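*Asks:* Let me give you the structure first, and then I'll get to my questions.
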Amino acid sequence: MDFSYQHGQSQRVLRQRNVLGVAAFGLTCAVIALLLFATSRPREIVLAPVLQSPVTISSSGVSHEYLEMVTRDTALLMLNRSPGNLDYWMTSVLNLVAPRAQGRIKADLVKIVSEQRGSSVSQFFAIDTMSIDTKNLRSTVNGKLNTIVGQQVVSSDMRTFEFQWEYSGLSLKLIGFGIVTPKKPGEAQ
């Protein structure tokens, strides 16, 4: 009798172990499937509407509207400056720059600040046209750059500026900026 009782107990424990093993395996598969689903699914954040329609950003790429909005604001921030706002200007521009480009761009900004500090030279930019390339993360802004010394406008020229961007996660950061010089006739493309 002792043997049959012992055998029954062992069978019951084995069944419980097997059920627990199947449940653990099923839960492990479910967790792995949920992790794969969560990491492969594009994430989106709805941003406050600044353009005519709501703007979203997604881990799957930058939308045309978002890149246009960021380019517009960055161009106006970078190209509108006066001696009175140089510290704020430089801090604000550096907040937009990707970490890998911080050193190079900060050196350029420090040079501009040191040249302009204590002077009465200001500049402002009026955007005329903008072209956006979301595939290559580039944007080009064309407009009138006005330079003022004191209260006198000393130059008012049409200029084109190009911005290069980096998109990582859900963060769009500036990695390059410069003026586009027009090609002279006969120059190689």
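Every number in this text was worked out from the coordinates using simple rules, so none of it is lab data. Computed from a predicted structure; not experimentally measured. Neighbour counts are summed over all protein chains in view; Cβ atoms, including those assigned to glycine, are modelled from backbone coordinates with ideal geometry.
*Asks:* Between THR129 and LEU77, what is the FRET efficiency for a Förster distance of 25 Å, r being their Cβ-Cβ separation, to the nearest 0.05?
*Replies:* Plugging the Cβ-Cβ distance into 1/(1 + (r/R0)^6) gives 0.85.
*Asks:* Going by C-beta contacts inside 10 Å, put ARG12, ARG81 in order with the fewest on the left.
*Replies:* If I rank by nearby Cβ atoms, fewest first, I get ARG12, ARG81.
*Asks:* Let me ask something else about it. Computed from these coordinates, which is Cα extents along the principal axes in Å: (1) 92, 27, 22; (2) 44, 43, 31; (3) 112, 38, 37?
*Replies:* Computed from these coordinates, Cα extents along the principal axes in Å corresponds to label (3).
*Asks:* In addition: If we sort 70-78, 161-169, 117-125, 20-28 on the protection proxy, mean other Cβ atoms within 10 Å, highest first, what's the order?
*Replies:* Sorting 70-78, 161-169, 117-125, 20-28 by mean packing, highest first, produces 70-78, 161-169, 117-125, 20-28.
*Asks:* Now for a separate question. Quick check: the distance between the Cα centres of the range 62-100 and the range 153-179, to the nearest angstrom?
*Replies:* Computed from Cα coordinates, the inter-centre distance equals 8 Å.
*Asks:* For a quick check: sort LYS183, LYS106 by the number of other beta carbons within 10 angstrom, fewest at the front.
*Replies:* With the sparsest Cβ surroundings first, the list reads LYS183, LYS106.
*Asks:* Which of the listed residues, PHE37, LEU67, ALA101, is farthest toward the dipole's positive end in the chain, when Lys, Arg count +1 and Asp, Glu count -1 at the beta-carbon?
*Replies:* PHE37
*Asks:* So, one more: So for the pair ALA23, VAL153, with labels modelled 7 Å out along Cα→Cβ, what separation do we get in nm?
*Replies:* It works out to 7.9 nm between the two label points.
*Asks:* Would you kindly state how much longer the chain becomes between LEU94 and VAL13 on full extension, computed as 0.36 nm times their sequence separation minus their alpha carbon distance, in nm to one decimal?
*Replies:* The span from LEU94 to VAL13 would gain 22.6 nm if fully extended.
*Asks:* For the chain, return all DSSP H helices satisfying: extent of Cα atoms along own axis at least 30 Å; mean Kyte-Doolittle hydropathy at least -0.5.
*Replies:* Taking the DSSP H segments of the chain (at least 30 Å long, mean hydropathy at least -0.5), we get 2-40.
*Asks:* Counting only C-alpha contacts under 8 Å and six or more residues apart, can you give the relative contact order of the chain as a whole percent?
*Replies:* It rounds to 15 percent for the chain.
*Asks:* Can you list residues whose amide H is under 5 Å from VAL97's amide H, if they're 5+ apart or on another chain and H is modeled 1.01 Å from N?
*Replies:* Long-range HN contacts for VAL97: LEU174.
*Asks:* Using a cut-off of 19 Å between alpha-carbon atoms, which lysines can reach LYS173, once sequence neighbours fewer than 8 places away in the same chain are excluded?
*Replies:* Cross-link targets: LYS106, LYS135.
*Asks:* May I ask you to derive the FRET efficiency for THR140 and ALA38 from their Cβ-Cβ distance with R0 = 25 Å, giving the value to the nearest 0.05?
*Replies:* 0.10
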